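These notes concern the structure reproduced below.
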């Protein structure tokens, strides 16, 4: 199945001026003699973000398109006198726009590199331990867009909301037709810290205007840290004067909040484990990637040959089902997690005598395996998760004696 519209496509449709100005920034930066691989903040260069914010403020206040704009300072009295719900809505909007702008600039700087992870692969990665050092996390490009359509990933993302997220999963119903998009950018850690900082901005949204949840988290990839340590990054201790705190935006409830660490450490780790495992998979031995072009190009070419205006418009309307981005399809041939035949007795995860009576999951893991001449080289090997225990059919068909 072709990749549906990502959050990048969503922003292009909803805030085209933001994308235009962000990509103009990226073009200017790339024209420099020594262009940066990524930006840490729009405050580090002459950004067009203030121009966009002025335009956004004018739209909020209802001014026409020809109005020169309203600065943030001019908006302050309006914001201070707004009712609480309006303040929450505006805070959500400004926080989201800020993250979108940084993501768009870095995405454009890196060439809009996009990776879509198949549903089966995502399910595998959700059940794989990240038993490695943080130094082994490498992005194929300075900024990447990871996309997921797996229910497991969507559920893990909304589980960060705690009880509210689980209510949405089990009662209210999540929109599983909407993909999860995660922009990842690797930065130097700064503040004299040895290592790197991984910034992740994630969105769950569907065209044309349904945006459900936005998350931001920065993880410290210390040179000697494990990935589990990185997941529990405490920026308040590492950089008390330069905090890199996370953020959660619920766009349905029009609320914005810094992620509470207690909630994050109990409910939020599963989602970010999947994202880290996805990055590890891309750098692992025998990773499966297939280059895909956006179906939009082929549809637009076909439409040019249709004389009927009505039929041409009808065909062009189908382009909205697909992303405009070319992308790498990751793990397309990976099947579901299976039962390992002949492994129902003994082995990892089973310490009892005889055969296990119930099926259980043996989680996947990573192995930094020696290879090459005199085993001097290393390659990352993925040991996939699998089920152990009796086969369902064998259990159902087993004869029973009733006394």
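The values are calculated or read from the model by the stated rules, or taken from the named source; none is laboratory data. Being a predicted model, the structure only gives us computed values, none of them experimental. Virtual Cβ from ideal backbone geometry, glycine too; neighbours counted across all protein chains shown.
Miscellaneous remarks
- Identity of the residue in the range 22-46, in contact (Cβ under 8 Å) with a residue 40 or more places away in the chain and part of a loop (DSSP other than H, G, I, E, B), that ends up surrounded by the most Cβ atoms within 10 Å (Cβ to Cβ): 39
Condition check ((1) within 30 Å of residue 30 (Cβ to Cβ); (2) out of contact with any helix residue (DSSP H, G or I) (no Cβ under 8 Å at 6 or more places or on another chain); (3) assigned to a strand (DSSP E or B)) across all residues:
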site: 155; (1), (2), (3): no, no, no
site: 158; (1), (2), (3): no, no, no
site: 167; (1), (2), (3): no, yes, no
site: 193; (1), (2), (3): yes, no, no
site: 201; (1), (2), (3): yes, no, yes
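- Residue in the range 232-247 that is surrounded by fewer than 14 Cβ atoms within 10 Å (Cβ to Cβ), in contact with a strand residue (DSSP E or B) (Cβ under 8 Å, 6 or more places away or on another chain) and at pLDDT 80 or above present: no
- Single unsatisfied condition, residue 160 versus (1) surrounded by 20 or more Cβ atoms within 10 Å (Cβ to Cβ); (2) modelled with pLDDT of 90 or more; (3) within 26 Å of residue 235 (Cα to Cα): (2)
- In the range 89-133, the residues that are modelled with pLDDT of 95 or more, part of a loop (DSSP other than H, G, I, E, B) and at negative phi: 110, 113, 118
- Yes/no for residue 97 being in contact with a helix residue (DSSP H, G or I) (Cβ under 8 Å, 6 or more places away or on another chain) and buried (at least 24 other Cβ atoms within 10 Å of the Cβ): no
- All of (1) over 26 Å from residue 212 (Cα atoms); (2) in contact with a helix residue (DSSP H, G or I) (Cβ under 7 Å, 6 or more places away or on another chain); (3) at pLDDT 90 or above hold for residue 67 with one exception: (3).
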